[in-house]
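Step one of this worksheet: look at the structure below.
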Amino acid sequence: MKVQHRMMKTAIAAFGLLLASAAQATTSCVDSAHAPLEGQSNVPLPTGFEPCDTGALIAKGDTNIWRCKVQPGFEDKVGATYLVVIEQGGRIVATERDDMEQGPLDALRWYEVDFDRDGAHEHVIARRVMETPAHAIQQWRVSIHSADWSKVITSFDGVEDFGPDAIFRDSPDEGCLILQTRYEALPGEGEQLALKGSLWAIVDDEPVALAEEPEPRVLDAAFIAERQQAPYPDDYMRTPFRWLYGRDHEAEQAATSPQDEAAAKLLGAVRGYVLLGEACREPLGNDLANAFAINARAALERLGGDAAAAQVFVKEASEVAAYNCAGEGPCWRKYFDMPDATDAQGFAACATAAAQAQEDFSTIMVTAMTMGSSQER
């Protein structure tokens, strides 16, 4: 399916929630989560395990999980620069290849998940490999081990922006799924990316790919702003389920209505609109850059009927945009991920994006006002 451009798709999807009866609820499948304790990044491994000396440790009951750097001379023997080592009952029961390009060893998480609802927990081991310079995308290696640790059921390399909300089920009686996410370049869109996801189930200790997939989400201005402002479970985790499905788990039990959710997404689009204006301030000039914020404030005032609230919201969005654009060099280079582009190319990119954003934002507002009027009737 062709991915639509800019904010339009996100906005129309948000307003579509106004017409839906309710969002389908999902449930988190993470029955327990474990991370290395503070100060446990250099714990000695079991005596006699030669490939590694020390590592980051997760300990629970009689199970210890280390992430360790392989000592010189052992890389070729184990086929890795880092290892995940599982010890149970005083015996090493499994090792798995690991690699890390940057970051601390304790960027390691262990989730216990009953994928097939048979009463026994499979084990999800996630470890961060690196963070990309552009957009601070977190890259992970995520593996699923059988309940007795005897088998690596599957291992996903290059999972991007992983988080525990990627493990879920549609009802308490169904099996659990895991969402594998990655960013892919869009054809014909220059350097623009979209977050895509594929769904996997575990059946009889085997991975099963599902045909259904969430709709990809373009990494446009609204999504960039949401990524920068969203609260994360910790310093490394992200919320891929929320980003692709537009809601959290237990959505029906929450007090948030579809109307509230749609309004939140509209405000996210407004933040993205303001951010684009700030990012293109240098090539397009102050008058046009300021017009983004002025138009956004007028639109919100027209929709909500509260001039003071609209002014406060846009002021805060403008301050966040200015903070994100602080630093050396023009902001458009960071925004469009064009570090080596010329000023002329920057002007062209900003002019094109501004024209498209203006058209999309006008459509968003017309749609919102039309739906608001129809609801009043």
Worksheet item: Taking θ as phi - 60°, what are the ³J(HN,Hα) couplings along region 206-211 by the Karplus curve (6.51, -1.76, 1.60), each to the nearest whole Hz, with x for Gly and Pro?
Response: 10, x, 10, 7, 8, 6
Worksheet, complete the sentence: Burial-style ranking of 336-347, 122-133, average other-beta-carbon count within 10 Å with highest first, yields 122-133, 336-347
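Could you rank the peptides 55-62, 139-146, 292-299 by their average count of other C-beta atoms within 10 Å per residue, with the highest value first? Walk me through the numbers before you get to the answer.
Values: 55-62: 16.9, 139-146: 21.6, 292-299: 20.0.
So the peptides 55-62, 139-146, 292-299, ranked by packing, come out 139-146, 292-299, 55-62.
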Worksheet item: Want the number for E212 to E359: 0.36 nm per residue separation, take away the alpha-carbon distance, what's left?
Response: 49.7 nm
Discussion item. In whole Hz and in residue order, list the ³J(HN,Hα) couplings for region 61-71 that follow from phi through the Karplus curve 6.51 cos²θ - 1.76 cosθ + 1.60, θ = phi - 60°; x for Gly and Pro.
Written reply: x, 9, 10, 10, 10, 10, 10, 9, 8, 6, 6
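With r defined as the distance between the Cβ atoms of Q345 and T47 and R0 fixed at 56 Å, what FRET efficiency is calculated, to the nearest 0.05?
Computed FRET efficiency for Q345 and T47 comes out at 0.40.
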Item to complete: Note down the relative contact order for region 154-247 as a percent, whole number, built from C-alpha pairs under 8 angstrom at least six residues apart.
Response: 29
Worksheet item: Rounded to the nearest 0.05, what FRET efficiency do D235 and W149 have when you use their Cβ-Cβ distance and R0 = 35 Å?
Response: 0.80
Worksheet item: So how far, in whole Å, is the C-alpha centre of region 77-108 from the one of region 123-198?
Response: 19
Practice prompt. Could you work out how far apart the two model spin labels at Q228 and Q102 are, taking each label as a point 7 Å from the Cα in the direction of the beta carbon, and quote it in nm?
Written response: 1.9
Worksheet, complete the sentence: Length gained if H121 through K315 is fully extended, taking 0.36 nm per residue and subtracting the Cα-Cα distance, is 65.0 nm
Practice prompt. State, to one decimal in nm, how far the label point of D170 lies from the label point of D306, with both points 7 Å from Cα in the Cβ direction.
Written response: 3.7
Discussion item. Test of understanding: what is the full-extension gain from T54 to E38, defined as 0.36 nm times their sequence separation minus their Cα-Cα distance?
Written reply: 4.3 nm
Discussion item. At R0 = 30 Å, how high is the FRET efficiency between D157 and T352 if r is their beta carbon distance? Nearest 0.05 is fine.
Written reply: 0.30
Worksheet entry | Per-selection metrics, region 40-150 (Cα): Rg and Dmax in Å | 14.4, 43
Practice prompt. Starting from the Kirkwood radius over alpha-carbon pairs of region 133-197, derive D by Stokes-Einstein at 4 °C in a medium of 1.567 mPa s and give it in µm² s⁻¹.
Written response: 93
Worksheet item: Extent of region 161-230 along each principal axis, from alpha carbon coordinates, in Å, largest to smallest?
Response: 43, 27, 16
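None of the figures in this text is laboratory data; all of them are computed from the coordinates on show. Only a predicted model underlies this, so the values are computations on that prediction, with no experimental measurement involved. Using ideal geometry, Cβ is built from the backbone for each residue, glycine included, and neighbour counts are taken over all protein chains shown.
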